[in-house]
Amino acid sequence: LRERETMLAELFPRAQAMPGARRLTDHLARHGVPQGVASSSHRRDFELKMTLHREWFGAFQCIVLGDDPAVGRGKPAPDIFLTAAERMKVSPRNCLVFEDAPSGVEAARAAGMPVIAVPNPAMDPAAFSGASQIVSSLELFDPAVWGLPSFR
């Protein structure tokens, strides 16, 4: 575990955004669509992952992390998503979740939120069968399909 912690502490500060993530979030921000982050990561790891992205993450209205005291249970329980919706003052049914993990898809569904799965290519897509939609990359996501402003 110590070796793993050391390795992650070296890797996290170099974490890159998923292809298409910055384009999508910048587009939604330009159109006034509120956005939040609900990550199972604990604050220490999240801060390391944000090293290259501090300005970008400043654009999110809400960030809820796995060690937040308001999050009683971790994913696949819906707590983290419900906490984010409550803090953003929006109904869960009016949220759209993007997830890269099967437990996150399950958590979003349990929260009553539609969810777009963006699985790692090494994962079996069948593990994401509960998602409202599966896209292999955020570059392929069409916001207009979900009633959001079109990229065009």
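The values are calculated or read from the model by the stated rules, or taken from the named source; none is laboratory data. As the structure is a prediction and not an experimental result, all values here were calculated from the model. Counting neighbours? That spans all protein chains shown, and the Cβs are built from the backbone with ideal geometry, glycine included. Only protein heavy atoms, including side chains, enter the accessible area calculation; ligands, DNA and RNA are left aside. Shrake-Rupley method; radii C 1.70, N 1.55, O 1.52, S 1.80 Å.
Summary of values
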{"item": "Hits in the stretch 50-70 - residues which are in contact with a Ser or Thr (Cβ under 9 Å, 6 or more places away or on another chain) and of a type in the set (Asp, Glu)", "result": "ASP67, ASP68"}
{"item": "Residues satisfying the stated conditions in the stretch 39-95, i.e. of a type in the set (A, V, I, L, M), open to solvent by 50 Å² or more (accessible area, probe 1.4 Å) and either in a helix (DSSP H, G or I) or in contact with a Pro (Cβ under 6 Å, 6 or more places away or on another chain) (or both)", "result": "LEU82"}
{"item": "Matching residues in the stretch 117-152 - criterion: being open to solvent by 70 Å² or more (accessible area, probe 1.4 Å), in a helix (DSSP H, G or I) and not aromatic (Phe, Trp, Tyr)", "result": "PRO125, GLU139, LEU140, VAL145"}
{"item": "Answer from PRO125, PRO114, PRO143 - the residue that is of a type outside the set (Lys, Arg) and over 20 Å from VAL33 (Cα atoms)", "result": "PRO125"}
{"item": "Leading residue by the ranking (farthest from MET50 (Cα to Cα)) among those in the stretch 10-25 that are open to solvent by less than 40 Å² (accessible area, probe 1.4 Å) and in a helix (DSSP H, G or I)", "result": "LEU24"}
{"item": "Output for the stretch 104-116, where each listed residue is without any contact (Cβ under 8 Å) to a residue 60 or more places away in the chain, open to solvent by less than 50 Å² (accessible area, probe 1.4 Å) and part of a helix (DSSP H, G or I)", "result": "VAL105, ALA107, ALA108"}
